[in-house]
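Below you will find the structure I want to go over with you.
The values are calculated or read from the model by the stated rules, or taken from the named source; none is laboratory data. Small disclaimer: the values here were computed from a predicted structure and weren't measured. Cβ sites come from the backbone with ideal geometry, for glycine too, and all protein chains shown count toward neighbours. The protein model used for the area step is the full one, side chains on, heavy atoms only, and it has no ligands, DNA or RNA in it. Shrake-Rupley method; radii C 1.70, N 1.55, O 1.52, S 1.80 Å.
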Amino acid sequence: MPASGVSAAAIAARLSAVGLSARVEEHDRCWSVEAEVPQSLSADLWREVLEVVAEADRFGLLATSLNGRTLWAVVHNELVPL
């Protein structure tokens, strides 16, 4: 597994350690991590979750009234020199 995949797996493992069920997917240019975030997440856990996803190249939160809240993070694949 490339280093980007290892990083994505580590992010998912840390999210799981705080009680979120995380999914990891490989894409052409990146790895993605997604986790559903319950409404009852405490402020302390939010801080911990934000520390975890800050290790990704990009992250965000998708919140809808239909599907709840999904936290996402992206780790880009390493660039191969020409």
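Using a 1.4 angstrom probe, figure out how much accessible area the chain has per residue, in square angstrom, rounded to the nearest whole.
Ligands and nucleic acids excluded, the figure is 66 Å² per residue.
Carbon and sulfur atoms: what percent of the 1.4 Å accessible area of the chain do they account for?
56
Oh, and also: Could you sort the peptides 61-70, 7-16, 21-30, 45-54 by per-residue average Cβ neighbour count (10 Å cutoff), highest mean leading?
The densest-packed peptide leads the list: 7-16, 45-54, 21-30, 61-70.
Right, here's the next one. How far, in degrees from 0 to 90, does helix 3-17 lean away from the longest principal axis of the Cα atoms of the chain, to the nearest 10?
On a 0 to 90 degree scale, this one is about 20.
May I ask for the angle, rounded to the nearest 10°, between helix 43-53 and the longest principal axis of the chain, with both axes built from Cα atoms and the value confined to 0 to 90°?
So the helix axis and the longest Cα principal axis differ by about 10 degrees.
Lys and Arg at +1, Asp and Glu at -1: add these up for the other residues within a Cβ distance under 15 Å of V6 and post the number.
Once positives and negatives cancel, what remains is -4.
Still on this model: What per residue convex hull volume, in Å³, do the alpha-carbon atoms of the range 14-82 yield?
Normalising the Cα hull of the range 14-82 by residue number yields 94 Å³.
While we're here: Using +1 at the C-beta of Lys and Arg and -1 at the C-beta of Asp and Glu, which of S7, G68, A22 has the Cα lying farthest in the positive direction of the dipole of the chain?
Projecting each Cα onto the dipole axis, the largest value belongs to G68.
Still on this model: Taking K and R as +1 and D and E as -1, what net charge do the other residues with C-beta under 14 Å from the C-beta of W31 add up to?
-4
Mind giving me the FRET efficiency for L66 and W46? R0 is 25 Å, r the Cβ-Cβ distance, nearest 0.05 is fine.
That gives a FRET efficiency of 0.65.
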